[in-house]
1. Given (1) within 16 Å of DNA strand C (Cβ to nearest atom); (2) at pLDDT 95 or above; (3) not acidic (Asp, Glu), identify the lone condition not met by A:Ala91.
2. If B:His62 satisfies all but one of (1) away from DNA strand D (no atom under 16 Å from the Cβ); (2) free of Cβ contacts under 8 Å to residues at least 24 places away in the same chain, what's the number of the condition it fails?
3. Failed condition for B:Gly115, given (1) closer than 28 Å to B:Ala171 by Cα; (2) within 14 Å of chain A (Cβ to nearest Cβ), with all others met?
4. Checking B:Ala71 against (1) touching a residue at least 40 places away in the same chain (Cβ under 8 Å); (2) within 16 Å of DNA strand D (Cβ to nearest atom); (3) of a type in the set (Gly, Ala, Ser): exactly one of these is not met. Which one?
5. Quickly run through the stretch A:30-47 and pick out the residues that are touching a residue at least 24 places away in the same chain (Cβ under 8 Å) and either in contact with a strand residue (DSSP E or B) (Cβ under 7 Å, 6 or more places away or on another chain) or open to solvent by 20 Å² or more (accessible area, probe 1.4 Å) (or both).
6. Restrict the check to the stretch A:125-133 and report whether at least one residue is more than 15 Å from B:Val154 (Cα to Cα) and touching a His at 6+ places or on another chain (Cβ under 9 Å).
7. In the stretch A:48-164, which helices (runs of 4 or more DSSP H) lie fully inside it and hold 1 or more residues that are open to solvent by 20 Å² or more (accessible area, probe 1.4 Å), in contact with a helix residue (DSSP H, G or I) (Cβ under 8 Å, 6 or more places away or on another chain) and closer than 21 Å to B:Gly111 by Cβ?
8. Take the residues in the stretch B:13-29 that are small (Gly, Ala, Ser) and away from DNA strand D (no atom under 11 Å from the Cβ); name whichever of them is surrounded by the fewest Cβ atoms within 10 Å (Cβ to Cβ).
Number of protein chains: 2
Amino acid sequence: MAGAATGSKDMAASRLLGVFREHGYDGASLAELSKATGLGRSSLYHHFPGGKEDMAKAVFDHIHEWMEISALAPLREPGDPAERLQKMINAIDRYYVGGYERCLLGSFVLGGSRGRFQPQLKSSFSGLIKALAALAVEAGASQEQGFERAEEAVVQIQGSLVVSGGLDDPAPFRRVMERLPRLILGRS
Amino acid sequence: MAGAATGSKDMAASRLLGVFREHGYDGASLAELSKATGLGRSSLYHHFPGGKEDMAKAVFDHIHEWMEISALAPLREPGDPAERLQKMINAIDRYYVGGYERCLLGSFVLGGSRGRFQPQLKSSFSGLIKALAALAVEAGASQEQGFERAEEAVVQIQGSLVVSGGLDDPAPFRRVMERLPRLILGRS
DNA sequence: ATATCTGAACCGAACGATCGGTACATATCT
DNA sequence: AGATATGTACCGATCGTTCGGTTCAGATAT
């Protein structure tokens, strides 16, 4: 049992994530956070002494870890760029349940709590863009092209989640997922 | 002075818009809505008997009206498609202050209050997509192509507002604004 | 003309409920 | 015993909403 030390806290964070995802930061109440985790109020404050804000930070860590392991790691493996990109796309598709689930990052950006979490948001978005840009460069793009393609990819992912949510129709998200390989790897 | 009858209610709605835009639905408190409009709490309830939800609905109407007049009307005028599109792009750019201001539609989609306003959200997004699609078709695209381009345009606008907000950098939004003409009107 | 009535617009105070957060005594484990 | 974890009861602040009451322009009545 070497690396399994993150156990209970990580479990809590994933439950908290669900609540923040559904209600946003302001909309997520301690009552629901408590119910979702199965922890009483004081237990929550034991694990997250900084209160609600601390819980949200833990959720960011959780997301960061997920992104690193499930989305970015495949991009850095050896092998065919197209295959590695597809692994990441599949991970993202699973994460957003085909476009039916909201993005917590987007929710925090557009919600009233942007300022509080700007560093985490910035780090998440730029990390994602950088990893995708590296892959694009590997696939033959120039540094500048690679960055532009990567930024556009993240823009389209985020935008499609908003539009799919607004239309109550996962099709826009699905179409973006299909466009991603050509967008990142080039037009041929 | 014929059509100026929408006066005070519309004025209030535009002030309310600012608060909802900045704090989201859950984050916007009656105290701030009152301060922003200059109306006391109970005066707000006089104009919006349905309370906070009613105020948000009024804000949607306000947005719908703005979109119809400032963004969509130019698209329907006679004249060069590229020029008409550029008018709309300029209007959007002004509306989001070059990427520094949030989108209320996106905020409501990603926030906890999506279900309450789904009809309005759906109508706004699909109206925008339809108008852009019509212009694309006029510029030579097939029906299907036109719709795809229009959807992608809205996806990119929304996505760039999220990414620009997350990175605290208006550049992604600006780049999308620059890409829009080619995206809608075709590659040539 | 002037007194009377009406109703829209407005207000601050107060409501019950819930908010995020704390204190503390009791478990549970080592 | 001593540290870690949890449940209960509670705090003041703020939430969205409602209430009682005032102001004042304009219609109506005499």
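1. Condition not satisfied by A:Ala91: (1).
2. Going through (1) away from DNA strand D (no atom under 16 Å from the Cβ); (2) free of Cβ contacts under 8 Å to residues at least 24 places away in the same chain one by one, B:His62 breaks only (2).
3. (1)
4. Only one criterion in (1) touching a residue at least 40 places away in the same chain (Cβ under 8 Å); (2) within 16 Å of DNA strand D (Cβ to nearest atom); (3) of a type in the set (Gly, Ala, Ser) is unmet by B:Ala71, namely (2).
5. Of everything in the stretch A:30-47, those that are touching a residue at least 24 places away in the same chain (Cβ under 8 Å) and either in contact with a strand residue (DSSP E or B) (Cβ under 7 Å, 6 or more places away or on another chain) or open to solvent by 20 Å² or more (accessible area, probe 1.4 Å) (or both) turn out to be A:Leu39, A:His47.
6. Looking for residues that are more than 15 Å from B:Val154 (Cα to Cα) and touching a His at 6+ places or on another chain (Cβ under 9 Å), one finds at least one in the stretch A:125-133, hence yes.
7. So the answer is A:52-66, A:81-95, A:114-138.
8. B:Ser14
The values are calculated or read from the model by the stated rules, or taken from the named source; none is laboratory data. Predicted model, so just to flag it, every value in this text is computed and none were measured. Reconstructed Cβ throughout: ideal geometry from the backbone, glycine too, with neighbour counts over all protein chains shown. Remember, those area values only see protein heavy atoms, side chains included, never the ligands or the DNA or RNA. Shrake-Rupley method; radii C 1.70, N 1.55, O 1.52, S 1.80 Å.
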